[in-house]
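Colleague: Sharing a structure with you now.
The values are calculated or read from the model by the stated rules, or taken from the named source; none is laboratory data. This structure is a prediction, so every number in the text was calculated from the model and none was measured. Don't worry about glycine lacking a Cβ; one is built from the backbone with ideal geometry, like all the others, and counts go over all protein chains shown. All accessible areas refer to the heavy atoms of the entire protein, side chains included, with ligands and DNA or RNA removed. Shrake-Rupley method; radii C 1.70, N 1.55, O 1.52, S 1.80 Å.
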Amino acid sequence: MPAEESTPAIVLRARDYSESDRIVTLLTRDCGKLGGIAKGAKSSRRRFERKLEPLTHLTLFFRRRPHGDLVFITRAEPPPAPAPILDDDLGKIALASYIAELADALTGEAADSADAYLMVARAFDALGRSGASAAMRQSFELNLLRVAGFGLEFARCRVCGNSPSEAGAAAYFVVARGGVVCARCRAHAPEGAVRLSPANAAAMAELAGAPVEDAARMTDAGAEGALALARFLGSILDRRLRSAALLDSLM
Amino acid sequence: MAENFKRNDGLPPAMTRLVKELSRLPGIGEKTASRLAFNLLNRPRDEVIALAEALLEMKERIGLCGECFGLSDAPRCPICADPDREHDLICVVEGPADLMAIERARTFAGVYHVLHGAIAPLDGIGPDDIKIAELTARVQGAAAVREIIIATNATVEGEATALYLARALKPLGVKASRLARGLPAGGDLEYSDSATLTSAISGRREL
Ligand SMILES: [Zn+2]
Ligand SMILES: [Zn+2]
């Protein structure tokens with residue numbers, strides 16, 4: 001039998017499978033993203049209790065199975081550090097769900113997702129402390145995209161390298177360029193570019209360069225920033241995120 | 001995770017079909033389904049007919065109560081039709097199984113509202129996908145509602161639903177309360193025992 005392994009983990013998705021089992025997708029610190037099956041999860045409160053719920057931090061114990069993609073989850077224990085409280089506010093639940101779904105969509109099964117795990121863990125902590133806000137959402141989107149290899153550029157024009165906000169003029173976000181072009185280089189921006197006011201372009205640049213912990217004190221990049229991010233995410237994801245609807249209705 | 005249905009070689013097609021249908025049921029694997037099928041094969045004909053008829057009748061007659069949306073074979077379920085229940089006290093649950101669990105505890109004398117689900121952001125299930133608008137309409141239409149007890153599960157989805165309901169009910173000026181937190185240990189109300197449910201209801205807190 002393969003040895004039991006353990007790692008801190010966050011439950012991204014969970015669903016009941018048969019009468020007593022549960023299938024979960026976890027982002028782990030040490031073992032990448034894992035799919036696992038917890039036999040008897042619904043009846044064995046001693047081994048699993050409420051810990052196999054989406055958005056939960058836990059210490060995961062599992063064995064790999066020689067055949068099959070799902071690891072065999074043996075038990076779940078409390079996480080190494082106290083977990084943030086996310087279920088006392090609808091905005092927190094909505095944003096945390098969105099964060100989990102986006103992280104799931106942007107990480108591959110086998111990929112080294114330690115950075116994504118840390119990003120989600122830090123975002124959940126910040127969310128638990130400060131509550132949900134548009135700035136928090138945009139900050140997480142920008143930070144997770146960077147971790148996933150899509151660093152978006154808002155501080156410098158992708159064509160001439162100048163700072164669009166210094167000139168006090170609007171900037172234009174171009175999906176295909178993964179960043180903005182300044183007003184002077186606007187000829188290089190295609191028809192569908194998203195216009196960002198000077199203030200919103202500056203807010204985007206600030207959010208992109210700041211850790212997610214700072215987002216609670218920062219200004220969001222408005223509907224223009226949200227649209228730019230939605231367009232970019234739409235271009236790299238093969239489906240619309242299910243949790244976006246509730247989140248959009250709340251903020 | 002599609003359950004790969006193995007061909008039962010040597011089994012007559014009529015048996016294979018039954019095994020296949022039975023194994024669609026939750027908790028029934030192929031082995032159990034075969035055992036059930038052989039058991040049915042060996043039963044007297046009238047017993048098998050009674051089972052088949054019960055299944056059909058259930059499917060054809062059971063609908064939803066027009067008031068509480070609980071399962072009912074009449075336009076109004078026996079609980080809603082009972083004059084002795086407290087009609088100004090409404091307990092909101094996720095599903096019919098939760099209603100049954102609370103009824104079994106024999107501790108609640110009010111009426112119910114069955115949502116038929118919970119807000120589940122990760123599954124894309126929003127407020128409009130469950131019977132929340134029906135609840136607010138019911139509260140607005142009722143003569144007076146003394147209190148609404150939100151008895152959704154102690155899961156993320158159950159909490160999201162409770163928080164949303166509290167928001168939706170506030171402008172209607174009706175008192176809303178939530179089951180005592182953490183009491184149904186595993187989260188699912190339907191698996192809680194009667195004593196746990198009784199203390200969860202009596203220990204409820206106002207939202
Ligand atoms: Zn430029
Ligand atoms: Zn009824």
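Colleague: Can you count the Lys pairs in the protein assembly as shown with C-alpha separation below 17 Å, eight or more apart or on different chains?
Modeller: 5
Colleague: To the nearest hundred square angstrom, how large is the accessible surface buried between B and A, total for both chains, probe 1.4 angstrom?
Modeller: About 2200 Å² of accessible surface is lost on pairing.
Colleague: Would you mind getting me the FRET efficiency between A:A199 and B:A97? Use the beta-carbon distance for r and R0 = 60 Å, nearest 0.05.
Modeller: In this case the efficiency is close to 0.70.
Colleague: 7 Å from Cα along Cα→Cβ at both A:R122 and B:N39: what's the point-to-point distance in nm?
Modeller: Placing both labels 7 Å beyond Cα along the Cβ direction yields 5.7 nm.
Colleague: Charges at C-beta only: +1 for Lys and Arg, -1 for Asp and Glu. How large is the resulting dipole of chain A about its Cα centre, in Debye rounded to 20?
Modeller: Value, rounded to 20: 360 debye.
Colleague: Starting with the highest mean, order B:112-119, B:29-36, A:126-133 by the number of other Cβ atoms within 10 Å, averaged over the residues of each peptide.
Modeller: Highest-to-lowest ranking by the protection proxy: B:112-119, A:126-133, B:29-36.
Colleague: To continue, here is another question. Quick one: angle between helix B:96-105 and the longest Cα principal axis of chain B, in degrees between 0 and 90, rounded to 10, please.
Modeller: Taking Cα atoms only, the helix is inclined about 70 degrees.
Colleague: Going out from 0 in 10 Å bins, what whole percent of all Cα-Cα distances in the protein assembly as shown drops into each bin?
Modeller: 4, 17, 23, 22, 18, 10, 4, 1, 0
Colleague: On average, how much accessible surface per residue is there in chain A, in Å², for a 1.4 Å probe, leaving out ligands, DNA and RNA?
Modeller: It amounts to 44 Å² per residue over chain A.
Colleague: If you average the sequence gap of Cα pairs under 8 Å that are 6 or more apart and divide by the length of chain A, what percent do you get for the contact order?
Modeller: Result for chain A is 16 percent.
Colleague: Under unit Cβ charges (Lys, Arg +1; Asp, Glu -1), what dipole magnitude, rounded to 20 debye, does the protein assembly as shown have relative to its Cα centre?
Modeller: 640
Colleague: Of A:A215, A:Y98, A:A169, which is farthest towards the positive pole of segment A:85-251's charge dipole, taken about the Cα centre with +1 and -1 on the beta-carbons of Lys, Arg and Asp, Glu respectively?
Modeller: Result: A:A169, furthest along the dipole toward the positive end.
Colleague: While we're looking at this one, here's another question. Roughly speaking, what is the centre-to-centre gap between segment B:97-167 and segment A:211-246 when only Cα atoms are used, to the nearest Å?
Modeller: 31
Colleague: Could you pull the accessible area for A:H188 with a 1.4 Å probe, rounded to 10 Å²?
Modeller: Roughly 100 Å² of A:H188 is accessible to a 1.4 Å probe.
Colleague: Count the net charge of all other residues whose Cβ sits under 13 Å from the Cβ of A:R186, scoring Lys and Arg as +1 and Asp and Glu as -1.
Modeller: Charge balance near A:R186 sits at +3.
Colleague: Just how far, in whole angstrom, is segment A:19-93 from segment A:109-176 if you go by their alpha carbon centroids?
Modeller: First find each Cα centre; the distance between them is then 28 Å.
Colleague: Enter the angle in degrees (range 0 to 90, nearest 10) between the Cα long axis of helix B:30-41 and the first principal axis of the Cα atoms of chain B, meaning the one along which they spread out most.
Modeller: Computed tilt is about 70 degrees.
Colleague: With everything on Cα atoms, drop me the angle between helix A:114-130 and the longest principal axis of chain A, reported from 0 to 90° to the nearest 10.
Modeller: 80
Colleague: To the nearest 500 deg cm²/dmol, what mean residue ellipticity at 222 nm is calculated for the protein assembly as shown from DSSP H runs of n ≥ 4 alone, each contributing -39,500 (n - 2.57), summed and divided by the residues?
Modeller: After summing the helix terms and dividing by the residues of the protein assembly as shown, the value is -11500 deg cm²/dmol.
Colleague: Here is a follow-up. Mind checking which of A:S243, A:M204, B:Y164 is farthest towards the positive end of the protein assembly as shown's charge dipole, using Cβ charges of +1 (Lys, Arg) and -1 (Asp, Glu) about the Cα centre?
Modeller: Farthest along the dipole direction, towards plus: A:M204.
Colleague: OK, next. State the antiparallel share, in %, of DSSP beta bridges confined to chain B, rounding to the nearest 5.
Modeller: Counting only bridges with both partners in chain B, antiparallel ones make up about 30 percent.
Colleague: Next up: Return the single residue from B:G63, B:G95, B:G173 with maximal mean-square fluctuation; model: Gaussian network over chain B, springs between Cα atoms under 10 Å.
Modeller: B:G173
Colleague: Taking the Cα centre of chain B as origin, sum charge times position over the Cβ atoms of Lys and Arg (+1) and Asp and Glu (-1), and report the length of that vector in debye to the nearest 20.
Modeller: Using Cβ point charges on Lys, Arg, Asp and Glu, chain B gives about 260 debye.
Colleague: Okay, next question. Carbon and sulfur atoms: what percent of the 1.4 Å accessible area of chain A do they account for?
Modeller: Carbon and sulfur: 49 percent of the exposed surface of chain A.
Colleague: Here's a follow-up. What spacing in nm lies between the two simple spin-label points modelled at B:A14 and A:A105, each 7 Å away from Cα in the Cβ direction?
Modeller: For the pair B:A14/A:A105, the computed spacing is 5.1 nm.
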